[in-house]
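Colleague: This is the structure, below, for whatever I ask next.
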Amino acid sequence: MTQDMGWGPGAQGGPPGPPPGWGPGWGPGWGGAWMPPPPKPGVIPLRPLNLGDILGGSFAALGRHWKQLIGMALVAYGIAALVLGGAAAIAVASVHDHFDPVFNPDYDVNPARSDVEPLVIAGAIVVVVAIALWLLSMALMYSAVPAVLQDAVLGRRSTFGAVWRTSWSRFPAVLGTLAIQMGAMLAAMLLFIGLLVTTVLASSGAGHDAPPAALLVLFAVGFLALIPVGIWLWVRYGFAPAAAVLENQGPVEALRRSGRLVKDAWWRTCGILMLVGMISGVMGYFIQLPFTYGGVFAAMPLALSDDSHGAKAAAVVIMVVLYLIGMVISQFLSTTLPQLGAGLLYIDQRIRREDLAPALATAAGVPPVPAGPAGTR
């Protein structure tokens, strides 16, 4: 319905004005009649969200429930750090005798293979353990954010215990969604690398010193093509953790659910997710910066005071501790803030496509939301 932009409340021929005594929150509704603004029991109004709602709601949820989120981050990353430290200590202890022959060999003497192989195997095991721990801790945080966001949207108070129970119960499903996505990308990368290695070996076996340049260019283009494919998959399945937690979906169904919600809204979803990610990245960088340089400046007097090993060791400890504090805060922001934005986008798509707002209003105990046109995007 086309409406004259010059119409105002009570103008002749325009929609009726608000009842006497009502404040400035009133505005023209879906049918042209004046109606109250949508309720806002929590961090967002219960209506289709715009960019400002999503950004403001993400920061508001982080500000109101930071204790629960930081508690979950300390559990996730703290346990991961302890396990990784233990694995690294065991690896170093098991191959300690091979360090000197490899890193301090005699002049013009190459390290023996029997000394190099144990170090490579131990390092590979530590890397695999680190990747597995990173995936597990990320899955736990991705389970916690929707649990917190549910209370933040409804305006309810949350406790660490309640968030932990919800997160732990949905942790396997969220871990499954992340593992499927990472497995698909890893399989594509391994297939591409396998084809490249096979081609190079075949060219060498045929007597060529190097594979044809055109073939190398083709492989380079194929490798670059994996980047947009990865971005497309990241956006398409970005709502899977929220669906797994808030709808009790299994891993595969959560991925399908995310794909259905992102359909016909991919570019909007991509733009907002990238914007929130960039904001969190910039914030994390500027937060980590003073800790990094502060550690350097704080440790410099100790490092320059004398030649004692104790002073230098204390300088190193100060730099490492301050750097790790900044890194933990930065990692916390880069993990939680984008997921809060993704969760609000998930709720926004359900409000637009499935008229979720009345159900949210009922759950929050506030008056129902005026219904809008079906399929509003």
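Only the coordinates and a few stated rules stand behind these numbers; no lab work does. Given the structure is predicted, the values throughout are model-derived calculations rather than measurements. In this analysis, Cβ positions are derived from the backbone assuming ideal geometry, glycine residues included, and neighbour counts consider all displayed protein chains.
Colleague: For Leu119, Leu69, what ranking results if the residue with the fewest other Cβ atoms within 10 Å of its Cβ goes first? Present the calculation step by step, with values, prior to reporting the outcome.
Modeller: Numbers: Leu119 18, Leu69 25.
With the fewest neighbours first, Leu119, Leu69 line up as Leu119, Leu69.
Colleague: Moving to a separate point now. In what sequence do Glu354, Glu253 fall when counting other Cβ within 10 Å, fewest first?
Modeller: So the residues, fewest neighbours to most, are Glu354, Glu253.
Colleague: Using θ = phi - 60° and the Karplus relation 6.51 cos²θ - 1.76 cosθ + 1.60, list the HN-Hα couplings for the stretch 38-54 in order, rounded to whole Hz, with x at every Gly or Pro.
Modeller: Each residue of the stretch 38-54 in turn: x, x, 9, x, x, 8, 9, x, 8, 7, x, 8, 9, 4, x, 4, 5 Hz.
Colleague: Taking K and R as +1 and D and E as -1, what net charge do the other residues with C-beta under 14 Å from the C-beta of Phe99 add up to? Please list the in-between numbers first.
Modeller: Numbers: positive: none; negative: Asp97, Asp100, Asp115, Glu117.
It works out to a net charge of -4.
Colleague: How about the stretch 90-181: which chymotrypsin sites (Phe, Trp or Tyr not before Pro) there lie in a loop by DSSP and see at most 10 other Cβ atoms within 10 Å? Numbers along the way, then the final one.
Modeller: Values: sites: Phe99, Phe103, Tyr107, Trp134, Tyr142, Phe160, Trp164, Trp168; in loops: Tyr107.
Qualifying residues, ordered by number: Tyr107.
Colleague: Give me, ordered by chain and number, the residues 5 or more places off Val366 or on other chains with an amide H under 5 Å from its own placed amide H.
Modeller: none
Colleague: Extending each Cα 7 Å along its Cβ direction at Val197 and Met300, get the distance between those two points in nm, one decimal.
Modeller: 4.7 nm
Colleague: Next question. Hey, any idea what the orientation-averaged projected area of the convex hull of the stretch 46-353's Cα atoms comes to, in nm²?
Modeller: On the way: hull surface 89.4 nm².
Average of the hull's projected areas for the stretch 46-353 equals 22.3 nm².
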